[in-house]
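Here the structure is laid out as structure tokens; the discussion comes afterwards.
The values are calculated or read from the model by the stated rules, or taken from the named source; none is laboratory data. Predicted model, so just to flag it, every value in this text is computed and none were measured. Counting neighbours? That spans all protein chains shown, and the Cβs are built from the backbone with ideal geometry, glycine included. Just the protein is used for accessible areas: all its heavy atoms, side chains included, with ligands, DNA and RNA removed. Shrake-Rupley method; radii C 1.70, N 1.55, O 1.52, S 1.80 Å.
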Amino acid sequence: MERMMYDEDVIKGFFSDCQLRQLSAGTIRHYRSVLRTFTSYLTRNGRGVRDAGREDFKGYIGYLLDTDHSYKTVENHFAALSTLYDYLVYEGLVPHNHVLDIRKRYLKRYKDDVRDRKRKLISVEEMSMLVNSIMDVRDRAMVLLFAKTGLRRRELVSLNINDIDLVRLTATIPRAATKKRSNLTVFFDYETANVLKKWLDRRQELAKSEALFVSSETGERLTGSGVYQAVVKWATKVGLHDPTSKNIENHFTPHCCRHWFTTHLIRAEMRREYVKELRGDARREAMDLYHHIDMEELKKEYLACIPKLGVE
């Protein structure tokens, strides 16, 4: 009983802190729901919020999955618990936020959509084959930029020529083009810069707008549909895309490049926070807002880890 009363005081202090930080009413409601389930689980096992350890959190994952909660729900619960234990560490009530360790080891994912776990992943050699098979310099530049930056299709078509810096090897995404990204600056490497330069020389003969990528017929900004058709056309020619199949694993689309980008940076052992920054993932945890990454260091790490495709 004493432990339950103490937990109530701790949680009351946590929600006062949430109010002070001006979290939305919806977020606070979600946290209350999660903590009701979590504290009930702890109580049944004779534990309290302050003395919960790694084994308790591992058990809680199993409990949620055994009671038919989805994987995404488990992740949402642990995101809320991470915020609670950040508060407890800040107040000196616990020495360490074990939730961070649990999330990193057992709940580490880069995409919530289950479709991404089935999405076609090609090797570095296959990506090299694809890019080097593309005869159209515009299309080659687009596929390279997708693969080397992890850009979404809408972000790529929004780019203007002034957004590209071939000296600093950066592209700056217009804010109006994306609601998802936390970071609007992406890097590309030297082989991408060389192909972009060739495209910019060719583009001068075609362009009727400031868009980076334009239609070869109209000279106007290329649409998302036009980008999609260009990518799958070349992927089909080299056998990476089967337009007759209903299985997502047999399709190679522009978004597969983002999947490729993420996976091969991870395989190159790039730090998780660097991968998240390069992807422009939303900063969902409180601590993420205060974790500043040196951009020059990030660029150096990116150039060391991004796969080379042997493109001239």
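Charges were assigned to the Cβ only: +1 to each Lys and Arg, -1 to each Asp and Glu. The resulting dipole of the chain about its Cα centre is roughly 680 debye.
Please tell me which of these pairs span more than 27 angstrom C-alpha to C-alpha: K104/K246; K120/K197; K233/K308?
Values: K104/K246 34 Å; K120/K197 30 Å; K233/K308 23 Å.
Beyond 27 Å between Cα atoms: K104/K246; K120/K197.
Computed over protein heavy atoms with a 1.4 Å probe, the carbon and sulfur contribution to the accessible area of the chain reaches 49%.
The trypsin sites (Lys or Arg not before Pro) found in the stretch 166-239 that occupy coil by DSSP, while having at most 10 further C-beta atoms within 10 Å, are K179. Name the residue from I173, G226, T39 whose Cα lies farthest towards the positive end of the charge dipole of the chain, charges +1 on Cβ of Lys and Arg and -1 on Cβ of Asp and Glu. Most positive-ward Cα: G226. Percent of C-alpha pairs per 5 Å bin in the stretch 171-234, short distances first: 4, 14, 18, 22, 28, 12, 2, 0. Considering the values (1) 18; (2) 22; (3) 38, which represents percent of Cα pairs over 33 Å apart as calculated for the structure under consideration? Given (1) 18; (2) 22; (3) 38, the calculated one carries the label (3). Compared with the dominant Cα axis of the chain, that is its longest principal axis, helix 71-90 is turned about 60°. Using the 1.4 Å probe convention, the accessible area of the chain works out to 53 Å² per residue with neighbouring protein chains retained. Within the stretch 112-230, the proportion of C-alpha pairs whose separation exceeds 24 Å stands at 25%.
Tell me what the chain gives for mean residue ellipticity at 222 nm when only DSSP H runs of n ≥ 4 count, each as -39,500 (n - 2.57), the sum divided by the residue total, rounded to 500 deg cm²/dmol. Don't skip to the answer; put the middle values down first.
Working: 14 runs with 176 residues, N = 312.
Taking each H run of at least 4 residues, the total per residue is -17500 deg cm²/dmol.
May I ask you to list the trypsin sites (Lys or Arg not before Pro) in the stretch 1-73 that are in a DSSP loop and have at most 16 other Cβ atoms within 10 Å of their Cβ? Could you put the intermediate results ahead of the total?
Working: sites: R3, K12, R21, R29, R32, R36, R44, R47, R50, R54, K58, K72; in loops: R21, R47, R50.
Those that pass, being in a loop and sparsely packed, are R21, R50.
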